[in-house]
1. Per-residue HN-Hα couplings for region 36-48, Karplus 6.51 cos²θ - 1.76 cosθ + 1.60 at θ = phi - 60°, whole Hz, x for Gly and Pro?
2. For the chain, what proportion of DSSP beta bridges, expressed in % and rounded to the nearest 5, is antiparallel?
3. Label region 12-129 by shape, choosing from rounded, prolate and oblate, from the square roots a ≥ b ≥ c of the eigenvalues of the Cα gyration tensor; if a/c is under 1.5 it is rounded, and otherwise prolate applies when a/b is larger than b/c, oblate when it is not.
4. Quick one: helix 132-154 against the long Cα principal axis of the chain, what's the angle to the nearest 10°, folded into 0 to 90?
5. Tell me, what ³J(HN,Hα) does each residue in region 82-99 have, in order and in whole Hz, if you take phi through Karplus 6.51 cos²θ - 1.76 cosθ + 1.60 with θ = phi - 60° and put x for Gly and Pro?
6. Going by average Cβ density within 10 Å per residue, which order do the peptides 67-79, 20-32 take, highest to lowest?
7. Is the shape of region 66-122 rounded, prolate or oblate, going by the alpha carbon gyration tensor and its root eigenvalues a ≥ b ≥ c, with a/c under 1.5 for rounded and a/b larger than b/c for prolate?
8. Would you please classify the overall shape of region 11-54 from the alpha carbon gyration tensor, given that a ≥ b ≥ c denote the square roots of the eigenvalues, rounded means a/c under 1.5, and beyond that prolate means a/b larger than b/c while oblate covers the rest?
Amino acid sequence: MVETVSASLDSPAAVTAGDVARGIMRLFARNGIWCLPEMPLKNGRRADLMGVDAKGLIVIVEIKIARGDLLGDCKWPDYLDFCDRFFWGVPPGLDRAPLETEAYQPEDCGVIVADGYDAEILRHAPLSALAPARRKAQLERLARAAMRRHTGLLDPHCAQIPL
């Protein structure tokens, strides 16, 4: 069961994408889901947050902090082929009505509201299981990216070595 905490701010403009990511990562960490921000995918896209739970299932979160950014995003379905669960991450106060429309496939996508301190899942993301070979490849890419970033934190010189 995922723990949730209500979040509230007076203005969605007061919350940055980094704040939303931090709140979601805190919620996920309490529930055994560990994430990397800005994870490149094989199709050239970059997931705002990509994580893995204790069962090895992959979660992607696409963060939107402004209505215009949400309405203008046509690329988000490209993420669905790379995860078992997909969530929208939004700040409190953002109009979430578009996420209930057919264009945003509410039957396939969860919704998380977050600020810089915490997050709450408003709609759970259904499981859409990846093929085992795709999941294995994604887990390996995620692990290698995490190790590279960790190594770069420990030794900034290593981070400069080309792939």
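1. Working through the residues one at a time gives 10, x, 6, 8, x, 10, 4, 8, x, 7, 9, 6, 4 Hz.
2. Details: 14 of 24 bridges.
Restricted to the chain, the bridges split so that about 60 percent are antiparallel.
3. Values: a/c = 1.40, a/b = 1.10, b/c = 1.28.
Since a/c stays below 1.5, the shape of region 12-129 is classed as rounded.
4. Value to nearest ten degrees: 80.
5. In residue order, the calculated couplings are 10, 8, 8, 9, 10, 10, 8, x, 9, x, x, x, 6, 5, 8, 4, x, 5 Hz.
6. Numbers: 67-79: 13.6, 20-32: 19.7.
By packing density, highest mean first, the sequence is 20-32, 67-79.
7. Numbers: a/c = 1.70, a/b = 1.26, b/c = 1.36.
Note, shape of region 66-122 comes out oblate.
8. Oblate shape, in that a/c is at least 1.5 and b/c is the bigger or equal ratio.
Here, each number is a calculation from the coordinates, and none is a lab measurement. What you see is a predicted model; the values in this text were computed from it and never measured. As a convention, Cβ positions derive from the backbone with ideal geometry for all residues, glycine included, and neighbour counts pool all protein chains shown.
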